[in-house]
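**Q** Below: one structure in structure tokens.
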Amino acid sequence: MVLKIRLVLDTDKDANALRVVSRLNKVIDAGEPKLERYHKGGTIVQIAKTVNHIKWSDIVLETLSLAQSFGRGWEMLGSIEYEVNLVGRSFSVPGITWAELRIERPNRNSHTDEINPANEPDARLLSKNQEDRPLKR
């Protein structure tokens, strides 16, 4: 699953924006940024971070922990059953003025805590002899 991170930085210069992202990556190890100009001034940064958990509750906990590692006073939007959508305005990394972290549950109608990514059978259901065919329950 992919956690989408959007930031607004207080700089219009790519070099400065990349320095801010570099400082953030030391804290959260998020990966390569996509930069674009913000129409109100500054830079919008988009980063995608892979989250590798099977349980939705673990994904929620990792997302909250990640957010708290570089900011505080996060506002949670939406329903935690279906998505984690956090918005923050106070950060330990200088240069960030606003941030949003968002991850959506892929199987919104499921009442279990486990996530089965699309097109990937649950590893526990695979036969040792037939690795590409799920076993019947």
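**Q** Could you pull out the residue among Val8, Val20, Val93, Val27 that is in contact (Cβ under 8 Å) with a residue 60 or more places away in the chain, assigned to a helix (DSSP H, G or I), farther than 29 Å from Ile115 by Cβ and of a type in the set (A, V, I, L, M)? Please lay out each step first, then the result.
**A** Values: Val8 fails: assigned to a helix (DSSP H, G or I); Val93 fails: assigned to a helix (DSSP H, G or I); Val27 fails: farther than 29 Å from Ile115 by Cβ.
The unique qualifying residue is Val20.
**Q** Going by what's in this entry, would Thr63 be described as more than 11 Å from the chain's Cα centre (by Cα) and among the β-branched types (Val, Ile, Thr)? Spell out the reasoning first.
**A** Numbers: more than 11 Å from the chain's Cα centre (by Cα): no; among the β-branched types (Val, Ile, Thr): yes.
No, not satisfied.
**Q** Could I ask something else about it? What are the residues in segment 39-62 that are among the hydroxyl-bearing types (Ser, Thr, Tyr) and surrounded by 18 or more Cβ atoms within 10 Å (Cβ to Cβ), if any? First the steps, then the outcome.
**A** Applying the first criterion (among the hydroxyl-bearing types (Ser, Thr, Tyr)) to segment 39-62 yields 43, 50, 57.
Within segment 39-62, just Thr43 meets the criteria.
**Q** Considering (1) closer than 15 Å to Arg6 by Cβ; (2) in a helix (DSSP H, G or I); (3) not charged (D, E, K, R), say which one Val45 fails and leave the rest.
**A** So the condition that Val45 fails would be (2).
**Q** For segment 58-82, how many residues meet the condition of being assigned to a loop (DSSP other than H, G, I, E, B), closer than 14 Å to Glu100 by Cα and without any contact (Cβ under 8 Å) to a residue 12 or more places away in the chain?
**A** Within segment 58-82, the subset assigned to a loop (DSSP other than H, G, I, E, B) is 73-74, 78-82.
Filter once more, so that each one left must be closer than 14 Å to Glu100 by Cα: 73-74, 78.
From what is left, the residues that are without any contact (Cβ under 8 Å) to a residue 12 or more places away in the chain are 78.
Summing the residues that are assigned to a loop (DSSP other than H, G, I, E, B), closer than 14 Å to Glu100 by Cα and without any contact (Cβ under 8 Å) to a residue 12 or more places away in the chain in segment 58-82 gives 1.
**Q** Inspect segment 24-33 for any residue being more than 15 Å from the chain's Cα centre (by Cα) and exposed (fewer than 14 other Cβ atoms within 10 Å of the Cβ) and give the result as yes or no.
**A** Within segment 24-33, the subset more than 15 Å from the chain's Cα centre (by Cα) is 26.
Remaining after also requiring exposed (fewer than 14 other Cβ atoms within 10 Å of the Cβ): 26.
Yes, because at least one residue in segment 24-33 is more than 15 Å from the chain's Cα centre (by Cα) and exposed (fewer than 14 other Cβ atoms within 10 Å of the Cβ).
**Q** Can you name the number of the only condition in (1) more than 14 Å from Ile5 (Cα to Cα); (2) modelled with pLDDT of 95 or more; (3) in contact with a Leu (Cβ under 9 Å, 6 or more places away or on another chain) that Pro134 fails?
**A** Condition (2) is where Pro134 drops out.
The values are calculated or read from the model by the stated rules, or taken from the named source; none is laboratory data. For clarity, every value in this text was computed on a predicted model and none was experimentally measured. For neighbour counting, all protein chains shown are included, and Cβ atoms are generated from backbone atoms with ideal geometry for every residue, glycine included.
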